[in-house]
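Here the structure comes first, spelled out in structure tokens, and everything after it is commentary.
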Amino acid sequence: MPVEKTKTNQLYPTVGMVDGRPILRWDPASQCSTDCPVYDDCPYQKKGRCKLEQTYMNNIFLNLINPDPKRGIGDRLNDIELQRVGIHLIPLYHQLIRMKKEAYAVENISHVNKQGSIKIHPVFGEIREIIRCIAKEISDLKINDKWEKKYGPTGVMDLGTGVGIEELMEKGDPNFYSSLSAEE
């Protein structure tokens, strides 16, 4: 499943092709700025587009739709499902990472509303709602079923990593960089 060079994390909705099918992806990462709630603690390069957002969304996208047919489930998705990943699911993950950045700056998890009741800070409610939307989209696309059909009941890719889809999507493939040097 060859994929052309992509233009991700910018205002380019078409990021490449898979088997002659266009891959659309709405994922323009924010510009890095000192106004960012994680700026002082961010371990990434503080220049250009937010590297934290890019890394987060790219991990998820590449673990679902990958140019290597041995990885991801892009080959198991029809055209509509392929576009839903890029147009619905990736933007939800983008919202999630942006809300997590905001939550990082919240000093008190609870606050007092106008009526004097103690409530959980609204950012955490938004995070939970985004997670519900992600879960619904994953369920609607039958991502877990397709993953299991391709990689078996353990859900582990044949990468020798011993990680499941959730950890792989959140953290990426722990053997990715070593596999690059092995190819040289």
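Brief remarks follow.
- Residues in the range 103-131 that are touching a Phe, Trp or Tyr at 6+ places or on another chain (Cβ under 9 Å) and part of a helix (DSSP H, G or I): A103, I130.
- Residues located in the range 143-181, provided they are of a type outside the set (V, I, T), under 17 Å from the mean Cα position of the chain (by Cα) and modelled with pLDDT of 70 or more: N144, W147
- Residues that are touching a strand residue (DSSP E or B) at 6+ places or on another chain (Cβ under 8 Å) and over 30 Å from G152 (Cα atoms) were ranked within the range 35-85; the one that is surrounded by the most Cβ atoms within 10 Å (Cβ to Cβ) is C50.
- Odd one out for L24 among (1) surrounded by fewer than 16 Cβ atoms within 10 Å (Cβ to Cβ); (2) under 27 Å from K142 (Cβ atoms); (3) modelled with pLDDT under 75: (1)
- Single residue of the range 47-83 satisfying the filter (within 13 Å of K146 (Cβ to Cβ) and part of a loop (DSSP other than H, G, I, E, B)) that is farthest from the chain's Cα centre (by Cα): N78
- Identity of the residue in the range 132-142, among the aliphatic types (A, V, I, L, M) and either in a helix (DSSP H, G or I) or within 15 Å of the chain's Cα centre (by Cα) (or both), that ends up surrounded by the fewest Cβ atoms within 10 Å (Cβ to Cβ): A135
- Qualifying residue in the range 88-107 (condition: out of contact with any helix residue (DSSP H, G or I) (no Cβ under 8 Å at 6 or more places or on another chain), under 30 Å from R21 (Cβ atoms) and modelled with pLDDT under 90): no
- Scanning the range 24-46 for residues that are without any contact (Cβ under 8 Å) to a residue 60 or more places away in the chain, assigned to a loop (DSSP other than H, G, I, E, B) and among the charged types (D, E, K, R) yields D35, K46.
The values are calculated or read from the model by the stated rules, or taken from the named source; none is laboratory data. In this text the structure is predicted, and so the values were computed from the model without any measurement. FYI the Cβ positions are ideal-geometry reconstructions off the backbone, even for glycines, and counts take in every protein chain you see.
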